[in-house]
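Structure, as structure tokens:
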């Protein structure tokens, strides 16, 4: 059984890699490819939400916060690299409120600090919030609302500190990415390849987490947290792992979003984008591995395709997606696939009648 | 093996004493039945022992004081329980349910790897509870009685030394009840067992000692025969049925 | 000293607004456990009711007093419609209710954009609310803030009386405390649910009317207030109106005092931190554990 699974997974990853690394770069124009890079970044967030929400039951409506932390960490580094050693980023000079670089900007000049920070900073924030609320058994809707409030608070903070964060404009106009000119299509392609590679890596990590004993435990916590407690586990720790992992994935996604799309701002990480991350996951199938990825890409693609020409129609469609998918197809499109599969006769029919109950004494004898 | 010693246990809900100064001693290896009319405080007593509700007094299991510890710590000390409504992880298979129950002491590295083989204790428990043939079935698809047995199996692999069972045969057919009783005999061989039960026939067949609770207090205690002969018990409880 | 008093008054009036927007939720979320993200759009509907009404009744004073019951009815009916069409099917899935009603809120926002246009619009305030009451030279209380405070308190009193002393209120509380027992006792729980939702959503409409007095209104006004409203109910506790009342005024005062010494944005963030800290001390959901069946 296990062998068959890993064989199929190997083929799946190979097909995914061929599609992402060989087919897409040939079939798509530079413009489309960079759009795909953007969608794949959003899909990384979805992988984490699938883990935390689909498997762990943690409806996190504040993934934008972690996406933003990763994004801003990367953007700050790129801004400082653009400005050159000892100089202030262009927008700070423009606003002219500051004489020197704020202290908390300084470490981001070093890639050795900034790159790990894109992942570790979100994980740290998730760890702090998670250990506070999970330990006190704040759960379900309460957790969802708190995570959403976190997104609201972060956006307000960013906008309020315009002089040092770029305010509503955010951080944009990047020239280089670790010395490579971002205007050069070749380098944009390179960014795409990095994004695609990281997505596959995150999928592999998520798969391992889901199939491991931890993954089974996470589902157990989702379905009956108290029962798990009576088995001697602390559910708070189980949830914390999923939440922190999802935060790390969102942070990495944000970090790659910045070179791929060229901007990070509060409008990309607030309440609305945070909950938009969730709809892709719901559409694809929240508890599956690939569902969130495909759902996120499909929803992002539909948004681009529709919202330019018919912005109103897109909003209605998005609203309807939330209503119809979540209310009437909670398993997402993945559950449709499973239904179709079940129509076909199973290869090895399972015993229909329950096995006869053996008296325990007979067994022991 | 250790015994359970409860001293002056009190649980108060909004001024109402659900458990009102209970003293209880369960000898190591005993099968003790807790009986009493509805509202006598039986389940609340078990809740207090397992850390689910706050209580005052003292609950000692072996040398350890249980009161004041969080639920999962008490569970790790070898105290396990079932619930009136069988609570298993419905979306997980029988095997996965047992494997999780067996794994509270696992380290992070073991947890993050896949299960390559079935632990011996799980294999044995599957045989003991008679669900070996259904190991890959989702627990949600089991019959009511089978779920109860799975819960008992989870307690076995959890390696508890004190089993607290809340109405394990409620709603079971006659045959299922007998099988459960036999299962109880097996698991109690090297464990201390406390059973809450309303089923008098079941109690007569399997109880070693009985404690009758009434209105949060101990009304009577002794062997089945002693308790049944107690006029006070007949008045409040047995006489009614 | 007057600075503190005047900040306190600002805090109380922020609290009054919070209370108004959260009061309906403390009924639908607090009593029924339904997470209705479209509650903000019901507030918006109440606000646009004033806007539309002022086209018919040009006198701002009259339109305000007609708008109060009308907005209650409009938002309340929207709530009943939502309950009947969607929420009723989702009582067992609270988190999914949250997402579904978010979708509804998106649709309602877009409807508002299509009907009234995307830009914010301004309603006219009645003359008697534009003035101030001068207590000392430094301490000036604005009439519209006082009006909102009065409205909020009146709504709390009316709701408390309705829940405590009317037969409807007794039925609502019965259903909240034990749905099955209430059903067995002959209470039509479905109808009680709809009525509860009508009142809770109607209160959102009243809050919308109040918000028109504070500034321009627009399609996204609901999103701006919904998180605050939920935080009030979360911190206030399930099933207790008085919890929401205390928390609303406490948060308002906290925000106004912090705002004075730092900035609005820092104040907002600190309020969030305060709520997380508060939940460490008094977590919710801890007391609703049922032990006999953990499922």
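The values are calculated or read from the model by the stated rules, or taken from the named source; none is laboratory data. Fair warning: this is a prediction, and the values are worked out from it, not measured in the lab. In this analysis, Cβ positions are derived from the backbone assuming ideal geometry, glycine residues included, and neighbour counts consider all displayed protein chains.
Worth pointing out:
- Meets criteria (more than 16 Å from residue C:200 (Cα to Cα), within 11 Å of chain A (Cβ to nearest Cβ) and out of contact with any helix residue (DSSP H, G or I) (no Cβ under 8 Å at 6 or more places or on another chain)) for residue C:93: yes
- Residue selection: residue C:92 satisfies the criterion of being exposed (fewer than 15 other Cβ atoms within 10 Å of the Cβ) and under 30 Å from residue A:139 (Cβ atoms).
- Among the residues of the stretch A:42-57, some residue qualifies, meaning at least one is closer than 20 Å to residue A:143 by Cβ, in contact (Cβ under 8 Å) with a residue 24 or more places away in the chain and not in a helix (DSSP H, G or I).
- Test: residue in the stretch A:63-73 that is over 30 Å from residue A:222 (Cβ atoms) and touching a helix residue (DSSP H, G or I) at 6+ places or on another chain (Cβ under 8 Å): yes
- Among the residues listed as A:156, A:145, the single one being in contact (Cβ under 8 Å) with a residue 60 or more places away in the chain and at the interface with another protein chain (Cβ under 8 Å from one of its Cβ atoms): A:145
- Some residue of the stretch B:79-99 being away from chain C (no Cβ under 14 Å) and within 30 Å of residue B:8 (Cβ to Cβ): yes
- Residue match in the stretch C:75-85 (condition: within 14 Å of chain A (Cβ to nearest Cβ), without any contact (Cβ under 8 Å) to a residue 12 or more places away in the chain and surrounded by fewer than 24 Cβ atoms within 10 Å (Cβ to Cβ)): yes
- Qualifying residue in the stretch C:220-232 (condition: within 17 Å of the chain's Cα centre (by Cα) and more than 30 Å from residue C:280 (Cα to Cα)): yes
- Residues in the stretch B:62-76 that are out of contact with any strand residue (DSSP E or B) (no Cβ under 9 Å at 6 or more places or on another chain) and closer than 30 Å to residue B:141 by Cα: B:71, B:72, B:76.
- Any hit, the stretch C:117-136, residues being in contact (Cβ under 8 Å) with a residue 24 or more places away in the chain, assigned to a helix (DSSP H, G or I), within 28 Å of residue A:275 (Cα to Cα) and within 14 Å of chain A (Cβ to nearest Cβ): no
- Residue within the stretch A:161-179 that is free of Cβ contacts under 8 Å to residues at least 60 places away in the same chain, in contact with a helix residue (DSSP H, G or I) (Cβ under 7 Å, 6 or more places away or on another chain) and crowded, with 17+ Cβ neighbours inside 10 Å present: no
- Enumerated helices (runs of 4 or more DSSP H) restricted to the stretch C:209-287, each holding at least 3 residues that are in contact (Cβ under 8 Å) with a residue 24 or more places away in the chain, away from chain A (no Cβ under 11 Å) and on the phi < 0 side of the Ramachandran plot: C:221-236, C:241-261
- Failed condition for residue B:185, given (1) more than 17 Å from residue B:207 (Cβ to Cβ); (2) surrounded by fewer than 21 Cβ atoms within 10 Å (Cβ to Cβ); (3) at the interface with chain A (Cβ under 8 Å from one of its Cβ atoms): (1)
- Any hit, the stretch A:32-39, residues being farther than 30 Å from residue A:219 by Cα, buried (at least 23 other Cβ atoms within 10 Å of the Cβ) and in contact with a strand residue (DSSP E or B) (Cβ under 9 Å, 6 or more places away or on another chain): no
- Of the helices (runs of 4 or more DSSP H) lying entirely inside the stretch A:95-168, those containing at least 2 residues that are under 26 Å from residue C:94 (Cβ atoms) and over 18 Å from the mean Cα position of the chain (by Cα) span A:111-135, A:140-160.
- Among the residues examined, residue B:162 qualifies as more than 10 Å from every other protein chain (Cβ to nearest Cβ), touching a strand residue (DSSP E or B) at 6+ places or on another chain (Cβ under 6 Å) and either at pLDDT 90 or above or surrounded by fewer than 21 Cβ atoms within 10 Å (Cβ to Cβ) (or both).
- Check on residue C:101, in a helix (DSSP H, G or I), within 14 Å of residue C:200 (Cβ to Cβ) and over 14 Å from the mean Cα position of the chain (by Cα): yes
- Taking the stretch B:29-128 as the region of interest, the strands (runs of 3 or more DSSP E) fully inside it that hold 3 or more residues being more than 24 Å from residue B:206 (Cβ to Cβ) are B:56-61.
- Residue in the stretch A:225-235 that is within 30 Å of residue A:25 (Cα to Cα) and either surrounded by fewer than 22 Cβ atoms within 10 Å (Cβ to Cβ) or more than 14 Å from chain C (Cβ to nearest Cβ) (or both) present: no
- The helices (runs of 4 or more DSSP H) found wholly in the stretch A:251-344 and carrying at least 1 residues that are over 30 Å from residue A:74 (Cβ atoms) occupy A:311-328, A:332-343.
- Residues in the stretch B:92-112 that are surrounded by 14 or more Cβ atoms within 10 Å (Cβ to Cβ) and more than 23 Å from the chain's Cα centre (by Cα): B:106, B:111, B:112.
- If you go through the stretch A:123-133 and keep only what is at pLDDT below 90 and crowded, with 19+ Cβ neighbours inside 10 Å, you end up with just A:133.
- Evaluating residue B:79 against the criteria (1) modelled with pLDDT under 90; (2) touching a strand residue (DSSP E or B) at 6+ places or on another chain (Cβ under 7 Å); (3) closer than 28 Å to residue B:127 by Cβ leaves one unmet condition, (1).
- Scan the stretch A:202-232 for residues that are touching a helix residue (DSSP H, G or I) at 6+ places or on another chain (Cβ under 6 Å) and free of Cβ contacts under 8 Å to residues at least 40 places away in the same chain and the total you get is 10.
- Every condition in (1) within 12 Å of chain C (Cβ to nearest Cβ); (2) closer than 24 Å to residue A:128 by Cα is met by residue A:317 except one, and the failing one is (2).
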